[in-house]
1. What number of residues within segment 59-83 satisfy the criterion of being farther than 28 Å from Ile296 by Cβ and in contact with a Pro (Cβ under 9 Å, 6 or more places away or on another chain)?
2. Restricting to segment 251-290, give me the number of residues that are over 15 Å from Val38 (Cα atoms), open to solvent by 30 Å² or more (accessible area, probe 1.4 Å) and either in contact with a strand residue (DSSP E or B) (Cβ under 8 Å, 6 or more places away or on another chain) or at pLDDT 65 or above (or both).
3. Can you pull out every residue in segment 147-160 that is of a type outside the set (A, V, I, L, M) and open to solvent by 40 Å² or more (accessible area, probe 1.4 Å)?
4. Collect the residues in segment 80-95 that are open to solvent by less than 40 Å² (accessible area, probe 1.4 Å) and of a type in the set (Val, Ile, Thr), keeping them in residue-number order.
5. Given the structure, is Leu62 out of contact with any Lys or Arg (no Cβ under 6 Å at 6 or more places or on another chain), in contact (Cβ under 8 Å) with a residue 60 or more places away in the chain, open to solvent by less than 40 Å² (accessible area, probe 1.4 Å) and not in a loop (DSSP other than H, G, I, E, B)?
6. Can you go through Thr98, Thr17, Thr37, Thr77 and tell me which one is open to solvent by 20 Å² or more (accessible area, probe 1.4 Å), part of a helix (DSSP H, G or I) and of a type in the set (S, T, N, Q)?
7. Kindly provide the set of residues from segment 40-59 that are outside any helix (DSSP H, G or I) and without any contact (Cβ under 8 Å) to a residue 60 or more places away in the chain, ordered by number.
8. Mind counting the residues in segment 162-179 that are hydrophobic (A, V, I, L, M, F, W, C) and either at pLDDT below 90 or touching a strand residue (DSSP E or B) at 6+ places or on another chain (Cβ under 6 Å) (or both)?
Amino acid sequence: MAAENSSVTEFILAGLTNQPRLRMPLFFLFLGFYVVTVMGNLGLITLIGLNSHLHTPMYFFLFNLSFIDFCYSTVITPKMLMSFVSKKNIITYAGCMTQLFFFLFFVVSESFILSAMAYDRYIAICNPLVYTATMSPQVCSLLLLGVYVMGFAGAMAHTTCMVRLTFCANNLVDHYMCDILPLLERSCTSTYINELVVFVVVGIDIGVPTVTIFISYALILTSILHIRSTEGRSKAFSTCSSHIIAVSLFFGSGAFMYLKPSSLLPMNQGKVSSLFYTTVVPMLNPLIYSLRNKDIKVALKKSLSKKTFS
């Protein structure tokens with residue numbers, strides 16, 4: 001991607017902190033987070049792939065959620081770690097726009113995969129008799145295609161608007177990654193269109209999945225309240241609890257970062273907020289779904305026992 005409209009050929013990422021004494025502790029902290037993220041998500045992907053009883057719509061979407069978490073964490077974290085150990089964390093203009101595109105692609109895809117998972121839980125609890133027919137492999141594939149199409153569309157909208165801007169000689173980006181808002185601060189030209197696109201596209205990418213999730217869980221809650229047995233209610237709630245936690249963490253931090261005016265959210269606070277959905281959420285998702293899921297625990301025990309026996 002050429003820097004035709006830019007007066008700079010590279011950016012300097014300021015990183016998370018400018019205090020030298022904090023750099024090494026933070027480096028090892030986020031390195032640990034990244035190792036757990038990679039192991040957790042790749043482990044969940046492998047576990048679902050190897051166990052045939054997990055080849056259901058619910059775990060099909062969980063497989064893709066883990067893939068998305070692994071990818072967008074890998075797009076962000078290694079470059080962030082470099083800011084702790086190098087004097088100047090330089091990224092080329094093309095590299096910055098590429099990082100921006102793939103980060104947005106995966107983060108938008110995550111918002112829609114979470115809504116697809118909510119729809120899956122709605123069908124499983126509210127219409128269990130037609131679950132197999134409704135959530136057929138063809139339907140799941142179409143839902144997944146929609147997830148990635150929306151991710152691509154959102155990433156293209158933001159990135160296309162970004163490459164039209166001219167950036168100033170001051171190429172220090174006050175962030176640990178190439179994100180939309182800190183890059184807009186470095187522009188020498190009007191960012192009105194970009195800001196409009198942020199509110200419209202981010203509003204759609206957060207609003208549509210949020211409405212879908214709320215409607216799904218409102219119907220699920222209504223259905224659960226009609227279950228007479230306490231055991232039945234408890235089982236229904238347990239199948240949704242992991243997803244509710246994941247949704248709350250992801251959408252809460254994302255909305256706090258992007259849907260507030262920059263005057264009310266200083267960039268330092270924005271960096272801390274963005275850590276949740278770029279670093280913490282991808283690490284916690286496999287832990288949440290593993291520790292609170294009996295099927296995953298059983299599959300893990302079987303896989304470990306097979307390995308030990310062999």
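1. So the answer is 0.
2. So the count comes out to 3.
3. Tyr148, Phe152, Thr160, listed by residue number.
4. Selection gives Ile91 alone.
5. Numbers: out of contact with any Lys or Arg (no Cβ under 6 Å at 6 or more places or on another chain): yes; in contact (Cβ under 8 Å) with a residue 60 or more places away in the chain: yes; open to solvent by less than 40 Å² (accessible area, probe 1.4 Å): yes; not in a loop (DSSP other than H, G, I, E, B): yes.
So Leu62 fits the description; yes.
6. The unique qualifying residue is Thr98.
7. Step one: of segment 40-59, the residues outside any helix (DSSP H, G or I) are 51, 55-56.
Those that are outside any helix (DSSP H, G or I) and without any contact (Cβ under 8 Å) to a residue 60 or more places away in the chain: His55, Thr56.
8. Of the residues in that region, 6 qualify.
The values are calculated or read from the model by the stated rules, or taken from the named source; none is laboratory data. All values derive from a computational prediction rather than experimental measurement. So basically every Cβ, Gly included, is an ideal-geometry build from the backbone, and we count neighbours across all protein chains shown. Just the protein is used for accessible areas: all its heavy atoms, side chains included, with ligands, DNA and RNA removed. Shrake-Rupley method; radii C 1.70, N 1.55, O 1.52, S 1.80 Å.
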